[in-house]
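FYI, it's all coordinate maths here, none of it is from the lab. Being a predicted model, the structure only gives us computed values, none of them experimental. We place every Cβ from the backbone using ideal geometry, glycine too, and count neighbours over all the protein chains shown.
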Amino acid sequence: MVALMKALLLVYVCLSFAVFSLNGEGNCPQLKKVGCFKSIDEISKEKFLSKLALTDRPNIDWKNWNNYLRDLACKCAERVGEGNGEIRTFGLEFYGECWTSRNSPFKLETLKSEYASDNCYGPNFEKCNVSNSNEQCAGGADTIAVYQFGFCLFRPDGIYTDPNDCSGFLQCYNNQKLNFKCPTGKLYNVEKKYCDSPSNVNCSGRPTT
Ligand SMILES: *[C@@H]1O[C@H](CO)[C@@H](O)[C@H](O)[C@H]1NC(C)=O
Ligand SMILES: *[C@@H]1O[C@H](CO)[C@@H](O)[C@H](O)[C@H]1NC(C)=O
């Protein structure tokens with residue numbers, strides 16, 4: 001069984017570059033706040049997250065900041081996208097800018113504790129509480145609230161059903177997400193943990209692509 005599984009993995013390995021399933025309203029990936037940091041390395045004078053993914057500053061809704069902030073974090077995650085399945089990193093800077101790294105995955109070690117800042121703001125413009133996972137934060141000037149997200153960030157290594165595809169499955173390995181596709185005509189059987197005839201598989205509403 002294990003050998004068969006390995007053979008299946010080998011033969012049908014297929015890193016998916018598929019679309020990130022964010023369809024606007026209410027469909028935000030689970031985000032992890034890493035912390036609040038100065039956005040520029042004082043020694044190299046370079047930005048830690050150097051790729052501007054989105055600037056939303058003209059649209060900042062100062063009067064509706066709490067909702068704006070939540071949407072900004074989701075929009076930024078959507079823009080950054082899930083890449084090749086690795087953990088993704090982005091930051092919200094200057095109240096309305098979304099920055100990400102040119103090189104992926106971003107090495108969090110770069111953000112040493114000496115770069116920590118308290119110039120990030122959450123709901124009601126209160127100082128950011130990094131350990132409150134229910135609240136988003138954005139950095140002020142030259143400050144960045146750093147986030148991570150990714151399917152395998154919150155999951156241990158193992159095999160998972162693909163919420164977007166019943167004819168495939170996902171594997172988390174070292175925080176990396178790998179997409180696998182069943183052979184043509186087969187669907188992934190969660191209970192038996194292999195690709196099976198469709199008549200034996202309950203997709204529970206998951207689409208078959
Ligand atoms: C920050 O959030 C955590 C988790 O919700 C909470 O336990 C803690 O009291 C908060 N700290 C402050 C200063 O509000
Ligand atoms: C499929 O699974 C769902 C929940 O996982 C269950 O509610 C449903 O009854 C199942 N359908 C069949 C045909 O077994």
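Summary of values
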| read-out | value |
| --- | --- |
| Rounded, prolate or oblate (a/c below 1.5 giving rounded, otherwise prolate when a/b exceeds b/c) for region 99-155 by Cα gyration tensor | oblate |
| Of 93, 135, 114, the one that fluctuates the most in a GNM where the chain has Cα springs shorter than 10 Å | 114 |
| Phi to ³J(HN,Hα) by Karplus 6.51 cos²θ - 1.76 cosθ + 1.60 over region 169-178, Hz, x for Gly, Pro | 8, 10, 10, 9, 9, 6, 6, 9, 9, 10 |
| Segment residue 63-residue 84, extension gain: residue separation times 0.36 nm, minus the distance between their alpha carbons | 3.8 nm |
| Using alpha-carbon coordinates, inclination of helix 2-12 to the longest axis of the chain, degrees | 70 degrees |
| Those lysines that a straight Cα-Cα span of less than 20 Å connects to residue 181, excepting residues fewer than 8 apart in one chain | 6, 192, 193 |
| More than 22 Å apart - percent of Cα-Cα pairs taken over region 136-209 | 38 percent |
| Trypsin sites (Lys or Arg not before Pro) lying in DSSP loop within region 99-208, provided at most 13 other Cβ fall within 10 Å | 102, 107, 112, 192, 193 |
| Percent of Cα-Cα distances greater than 29 Å, calculated over the chain | 35 percent |
| Filtered trypsin sites (Lys or Arg not before Pro), region 32-85: DSSP coil and at most 12 other beta carbons within 10 Å | 45 |
| Nearest-ten-degree value, helix 65-80 long axis tilted from longest Cα axis of the chain | 50 degrees |
| Alpha carbon centroid spacing (whole Å) that separates region 133-183 from region 81-108 | 13 Å |
